[in-house]
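The values are calculated or read from the model by the stated rules, or taken from the named source; none is laboratory data. Everything numeric in this text was worked out from a predicted model, so none of it was measured. When we count neighbours, we look across all protein chains shown, and the Cβ atoms used for this are built from the backbone with ideal geometry, even at glycine. Protein only, heavy atoms only, side chains kept; ligands, DNA and RNA dropped before computing areas. Shrake-Rupley method; radii C 1.70, N 1.55, O 1.52, S 1.80 Å.
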Amino acid sequence: MALTDLSRCSAASRYRRDPQAGTAPVASRWLLIEHPGPWAKQPLDTPPLLGAVGAEVEKVCGSFGGRVLLVRRPGRREPGDDLLSWYAVDTVRRTWVRGTWRTSENLLHAAHALGVPLSDSDEDAEPMVLVCTHGTRDACCAVRGRPIVATLARALPEETWECTHLGGHRFAGTLLSLPDGTCLGRLDPDTVVGAVRSHREGRVDAKYLRGVTRWEPAVQAAVAAVLAAHGPADVDDLVPGRIDAEGESTRVDVLGREPMPERVTVDVTAEALPDAPLSCGDKAKQHTAYRAVLRP
């Protein structure tokens, strides 16, 4: 697959310049289940999650404002090593709960850890970078994601993981930074290390920002617009204040701390874009861009 082949969703999206601000998955808490693969097209159809177990895990995670990802370390897993890890991560308090699993019952326990155990945890979560390489979901995720994860694994070996779908195949390569919940997209092997390091140093480049997952799409887009105008800065330097939504329009007051402006009002409009394939081999579908305009 040529990375410039416009029959591929990520190449076509780059060509169209689809806006990516406001497209991050929405979740304040994440359950990461280590699973060496292979991963099914729908992650929770992967044994032993297939069936009632996966449905229950998804239901429990959703009840706590969370989502689940399957993750694995890059490279081959040592044979005979059947003790796998799980991590419940809170992007607001930046804490986690950890455990290991062998059985489906262990995974149900892990899902429930997103609730009271995570709320009570005061253990600071360690940095993790999760790169989508979910090729069974979309070819672009693997073809763009795998070179990225290989590059990151050399630079940040302790932090780097592969993960299942982060939404937005057309924005591949895409990654999720935890515990802060920042989602970046349209990365390449020559840009990913610099983008991750800049993010960690509090200098987020809005060009790659899909959004912070604990916020809804309009807020994600508003924050990205303020960063584009006044950044780079740390994502923690900006938080939403008053939010007024009416139809397809949302007004967001973005509150900042130095060096960002104290307050910026942003008008965000959800705009329906012309139909286009949003995944490789898929039929053309309508999709949404979040257009953000800063008020003077």
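Quick notes on this one:
- Filter result for Arg16 (at pLDDT below 90 and open to solvent by 10 Å² or more (accessible area, probe 1.4 Å)): no
- Candidate set from region 80-131 (those that are aliphatic (A, V, I, L, M) and without any contact (Cβ under 8 Å) to a residue 40 or more places away in the chain); member that is surrounded by the most Cβ atoms within 10 Å (Cβ to Cβ): Val97
- Whichever residue in region 38-79 is touching a Lys or Arg at 6+ places or on another chain (Cβ under 6 Å) and of a type outside the set (A, V, I, L, M, F, W, C) and, among such residues, is most open to solvent (accessible area, probe 1.4 Å): Lys41
- For Arg186, the stated conditions do not hold, so it cannot be described as open to solvent by 10 Å² or more (accessible area, probe 1.4 Å) and either part of a helix (DSSP H, G or I) or at pLDDT below 95 (or both).
- Any helices (runs of 4 or more DSSP H) falling wholly within region 1-113 and containing at least 3 residues that are farther than 30 Å from Leu273 by Cβ and among the small types (Gly, Ala, Ser): 52-63, 104-112
- Scope region 198-226; condition outside any loop (DSSP other than H, G, I, E, B) and hydrophobic (A, V, I, L, M, F, W, C); matching residues: Val204, Ala206, Leu209, Val212, Ala218, Val219, Ala221, Ala222, Val223, Ala224, Ala225, Val226
- Taking the listed residues Val212, Val235, the one that is closer than 29 Å to Arg137 by Cβ, of a type in the set (A, V, I, L, M, F, W, C) and modelled with pLDDT of 95 or more is Val212, with no other qualifying.
- Selection of region 25-37 for residues being open to solvent by less than 30 Å² (accessible area, probe 1.4 Å) and of a type in the set (Gly, Ala, Ser) yields Ala27, Gly37.
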